Amino acid sequence: MRARLSALLFLVLMIAIPGLVYWYFFMKNTASVEFIIADGVEFTVVLDGNIQNESLPLADNLIHIERTCIGRCRIEPIAPIAYTLTLSSTGKTSISDTLEIWIGEDISRIYTLTDDIVIVPVEITLRHDDTLGNVLLANAQKKDTSRDYLLIGVDRDNTVYADRRWQNTRDIGILTLDGFAPKWKVPEGVGELSLDITGEYFIASLYRDKSILITRDFTRVYELPISGVLSYIPWREEKILTNSGVLLWIRSAYGENPRFSDWIDVSDTMRIGYIDGDDTTRLALSGQTPGTPLLLIYNRETHNTSVLRKWLDIVWMFSIGDVPVFLDSAGKVWEIQYKK
């Protein structure tokens, strides 16, 4: 009989103690806390704490609270204990903090979430107008009337390039006040040459629906099996800008990237991608609604995608040196500063 009473008493205590702890921490002795995000974005609050009551099983000591709010988030009632705090938002750098709450306290904390990326204008002109080029072209033609000179363009360094023709020969070269300095002999079948939109390549159509690109230092020549090329990136995953959009080299042919209208890799695993607002298929693949152009960060290992910016106007994403940039439709260049 005594054994039964002891067992019954033990059972009652096992039920009563957790109930008393819950009543003490969550009903009688409680507090409240409010988190405010300065720029009013949607964010997630995660609080993890430990009651540290030895009479409870280890799992019952742990408290995990998670809320998603816009601008501000109020949590009440909340147990008065110490917590670790994590604040996160899409396209923002997460904040980790500690929070100790006492009985009866009403705490309000303000935080500012900084962007994962910063987009800043680059004070650079990719290509200059033809004013200087036309002056030097006329000077060269005056000195050498036996050959024909055609202006190709003026690069960011104000170097003037021209196409010199004489009988069956053509040369690309540099124009200065002293005249024309040939740099590269143009093969037969190459069409009219121009600088690409980044000012890095000479570009022309080639016979049989091909294109040819020459780096402006004349050290590399690329022959591409496609026409209408506007710009080119040969490194990592080769991509080109054409009259019909951005294409990727896939299995010995050029095709569209199924996920992004344009993109650039900022590390071995992270890719920043752009999707046009009217591209319903790509927006749907990233779980986004149509109508809004988006800049996203894509983890190529986990395949997670997060929105970084909306309503950007992007024509072409490329690099100047090791710096990722994009060109907008107004011809302005913007640097993408990514926090790795």
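Each value in this text was obtained by applying a stated rule to the coordinates, not by laboratory testing. Predicted, not measured: the structure shown is a model, and the values here were computed from it. Please note: Cβ atoms are built from the backbone with ideal geometry, for glycine as well, and neighbour counts cover all protein chains shown.
For this structure, a couple of remarks:
- Cβ-defined net charge surrounding ARG72, 15 Å radius [Lys, Arg +1; Asp, Glu -1]: -2
- Residues with amide H under 5 Å from that of ASP144, placed H, sequence gap 5 or more: none
- Three-way shape label, region 96-135, alpha-carbon gyration tensor, a/c 1.5: prolate
- Once the convex hull of all Cα atoms in region 195-282 is built, its volume per residue stands at 120 Å³.
- Tensor-based shape of region 148-214 (alpha-carbon gyration tensor, a/c under 1.5 rounded, otherwise prolate or oblate): oblate
- Working from Cα pairs under 8 Å separated by at least six residues, relative contact order for region 191-318 is 12 percent.
- Summarising the amide proton neighbourhood of THR159: residues at separation of 5 or more, or on other chains, whose placed amide H is nearer than 5 Å comprise an empty set.
- Proximal lysine pairs, the chain, alpha carbons under 20 Å, eight or more residues apart or interchain: 8
- Per-selection Rg to Rh, the chain - Cα, Kirkwood hydrodynamic radius: 1.26
- Helix content alone sets the calculated 222 nm mean residue ellipticity of the chain: runs of n ≥ 4 DSSP H residues at -39500 (n - 2.57) each, divided across all residues, give -4000 deg cm²/dmol.
- The chain: angle of helix 131-143 to the longest principal axis, Cα-based, in degrees nearest 10: 20
- Proximity of backbone amide H atoms, modeled 1.01 Å from N, is registered between LYS92 and ASP116 at under 5 Å, excluding neighbours fewer than 5 places apart on the same chain.
- Efficiency of FRET between VAL135 and VAL41 - r from beta-carbon atoms, R0 56 angstrom, step 0.05: 0.60
- LYS143-ASN304 pseudo-label distance in nm [points 7 Å out on the Cα-to-Cβ vector]: 6.1
- Helix axis angle, 2-23 relative to the chain longest principal axis, alpha carbon, degrees: 50
- Value of Rg/Rh across region 224-328 [Cα atoms, Kirkwood radius]: 0.94
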